[in-house]
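Data block below; observations after.
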Amino acid sequence: MSSLKNDENSSILVYKSYGGIGDIFFTIPSLYMLKQKFSQVTYATQPRMVNLFKTHLKGINVIDENLANETHYDEVIELGNYPRFNNTAEKKPQIKYHTHKRVRQHSIEHYKDGIVSVFSEIEKATTPYPYFEKRNTKERYYTIHPGAGFILKAWPINYYAKLIELINDAFPQFKAKIIIGPNDPNPVPHFTKENLNFELITGDIDEVAHEVSGAQFHVGNDAGITHLAGAFNIPILTIYGPTGPGSWGAFSDKVELIWGKKGNCGLRCRYEVIINCENRVCLSNVKPEKMFFKLLKLLHKIYDTPSNLYWLNPDFKVDIEDDSYIFTSKENEYLLEIKDFESRKFLANNLTENSVFIEEMPTQFKETFQALEKLQVFTAYPNLTFNTTNEITA
């Protein structure tokens, strides 16, 4: 496309004229790759994103896409969208991509491949995502966004309400900051408990980014705000339904996710399938208790605190037959035969309907229990006690 050599005065204008917020964040590593060739990289983006990117993109010029003057640049490219859609929003013909979703790679890598295909002298970056700087705050809260740009990707709103209640009961030290955009569902009318610790966030993308950047963790759908949290490297709990996490997965260092299609639906969800799906079992069959179980796993990753309490995966039920314990889910069945008296007594005294206390676990049973944990039958229930600087204390 270009014969321009490396030049300390060379410049490029990059459009991303189509796609949601998440798609825009996926292009950021490619912008930094362009700095290998161009001394001045200018990103022309949606007006609402300009201030956010001016604040957090280092060494990248950011402008309103509607105010760009292409004559001021040596090169102009349009990143378009992945996968490509026929639309009239593109400012220029989209650059040609040799990769496609069949490759089963994240769209971050897709955009990188596109840059390399256009500028052969640029090397594909293998460095970690250039995360935005988090905000330090003494406030203990998490953000939760029950909406989505494409609302059919959203988990049921009454499930979000129940999950907020479960988190409040288990970890009352965390306030829920609920992000509600203009067209987002609101969980508040679905609450069944009083005196919940929550706050509604209803501002623009800059206010949302301010709150997300200081959160202990974020909960959301396959949506732009989830990827905004990813840009700040906030730990994420997320659920995917019709759109899988392969190409559009959350990219923080610490992520727990559920893809609800597994075991619930085998259809390949093209757009026409999604809009005509009445039941959305890929989302409605994932109950709040399962998301809470995944949250416990995420909290254990974040804080890594010792715990004597382990929670049973709600996918499993436990049947006891003589000396055997049978853990059964829709997809798996594990038979545990216990021969020694100490281990039988331990389980009889400490295993409840949904948890097990391990403080008095016999030594000979520990390896077996570790196997159950790896099989995701149990997960640690974090014991979270904070000091005044938000640090975990024993």
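The values are calculated or read from the model by the stated rules, or taken from the named source; none is laboratory data. For clarity, every value in this text was computed on a predicted model and none was experimentally measured. Positions of Cβ are generated from backbone atoms using ideal geometry, with glycine treated the same way; all protein chains shown enter the neighbour counts. Just so you know, the surface numbers come from the protein's heavy atoms only, side chains and all, with ligands and any DNA or RNA stripped out. Shrake-Rupley method; radii C 1.70, N 1.55, O 1.52, S 1.80 Å.
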> So which residues in the stretch 339-373 are assigned to a loop (DSSP other than H, G, I, E, B) and open to solvent by 60 Å² or more (accessible area, probe 1.4 Å)?
Replying inline: LYS339, THR352, GLU353, ASN354, GLU359, GLU360
>> If a residue must be without any contact (Cβ under 8 Å) to a residue 40 or more places away in the chain and under 17 Å from GLU373 (Cβ atoms), how many such residues does the stretch 318-327 contain?
In response: 2
> Applying the selection to the stretch 286-301, what residues are open to solvent by 40 Å² or more (accessible area, probe 1.4 Å) and farther than 19 Å from ASN221 by Cβ?
Replying inline: HIS300, LYS301
> What are the pairs, 6+ residues apart or on separate chains, where a residue within the stretch 186-198 that is farther than 15 Å from PHE171 by Cβ has its Cβ under 9 Å from a residue that is charged (D, E, K, R) and open to solvent by less than 60 Å² (accessible area, probe 1.4 Å)?
Replying inline: PHE191/GLU165; THR192/GLU165
> Say we look at the stretch 228-255 and pick out the residues that are polar (S, T, N, Q) and more than 29 Å from CYS277 (Cα to Cα); which of these is least open to solvent (accessible area, probe 1.4 Å)?
Replying inline: SER252
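Does LEU163 satisfy the criteria of being outside any loop (DSSP other than H, G, I, E, B), modelled with pLDDT under 95, within 30 Å of ASN285 (Cβ to Cβ) and of a type outside the set (Gly, Ala, Ser)? Full working, then the answer.
Working: outside any loop (DSSP other than H, G, I, E, B): yes; modelled with pLDDT under 95: no; within 30 Å of ASN285 (Cβ to Cβ): yes; of a type outside the set (Gly, Ala, Ser): yes.
Answer is no for this residue.
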>> Quick check on this structure: which one of ILE258, ILE225, ILE275 is open to solvent by less than 50 Å² (accessible area, probe 1.4 Å) and touching a residue at least 40 places away in the same chain (Cβ under 8 Å)?
In response: ILE225
> Just one of the numbered conditions (1) touching a Gly at 6+ places or on another chain (Cβ under 9 Å); (2) assigned to a strand (DSSP E or B); (3) in contact (Cβ under 8 Å) with a residue 60 or more places away in the chain is not true of THR238; which one?
Replying inline: (3)
> Listed residues LYS134, LYS112, LYS162; which is within 27 Å of ILE302 (Cα to Cα), surrounded by 18 or more Cβ atoms within 10 Å (Cβ to Cβ) and within 22 Å of the chain's Cα centre (by Cα)?
Replying inline: LYS162
> In the stretch 201-222, is there at least one residue being β-branched (Val, Ile, Thr), part of a loop (DSSP other than H, G, I, E, B) and closer than 26 Å to SER355 by Cα?
Replying inline: no
>> Of everything in the stretch 11-21, what is open to solvent by less than 10 Å² (accessible area, probe 1.4 Å) and either basic (Lys, Arg) or within 20 Å of LEU228 (Cβ to Cβ) (or both)? Give them in sequence order.
In response: VAL14, LYS16
> Hey, among LEU283, LEU336, which residue is open to solvent by less than 20 Å² (accessible area, probe 1.4 Å) and either at positive phi or touching a residue at least 12 places away in the same chain (Cβ under 8 Å) (or both)?
Replying inline: LEU283
> Is it true that some residue in the stretch 166-181 is open to solvent by 30 Å² or more (accessible area, probe 1.4 Å), farther than 19 Å from LEU298 by Cα and touching a His at 6+ places or on another chain (Cβ under 6 Å)?
Replying inline: no
